[in-house]
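Taking it in order: structure first as structure tokens, then the write-up.
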Amino acid sequence: MDYLSLMIIFGLAVLWELATINKNVKKMNKQNAELINLYNDSVKEISNNQK
């Protein structure tokens, strides 16, 4: 295999890895948003119960 083929394969592997990381980051952001909403709801509930 020549260097060009190796570089193309390596470049595709890097792009695949970046796409996978991006997908996982988006999923984590969604989960964090859900957790923040749950936390905010529980804080509101607690403050309403203390009145």
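The values are calculated or read from the model by the stated rules, or taken from the named source; none is laboratory data. Computed from a predicted structure; not experimentally measured. Quick note on the areas: whole protein, heavy atoms, side chains included, nothing else; ligands and nucleic acids left out. Shrake-Rupley method; radii C 1.70, N 1.55, O 1.52, S 1.80 Å.
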### Paired Rg and Dmax values of the chain, which use every Cα atom, in angstrom
22.1, 74
### Message
Helix-only estimate, please: 222 nm mean residue ellipticity of the chain, summing -39500 (n - 2.57) across DSSP H runs of length 4 or more and dividing by its residues, to the nearest 500.
### Response
-35000 deg cm²/dmol
### Query
Can you give the accessible area per residue of the chain, in Å², using a 1.4 Å probe?
100 Å²
#### Entry: Computed lengthening from ALA13 to LEU35, 0.36 nm per intervening residue step minus Cα-Cα distance
4.6 nm
### Query
Angle, helix 3-50 long axis vs. longest principal axis of the chain, Cα atoms, 0 to 90°, nearest 10?
0 degrees
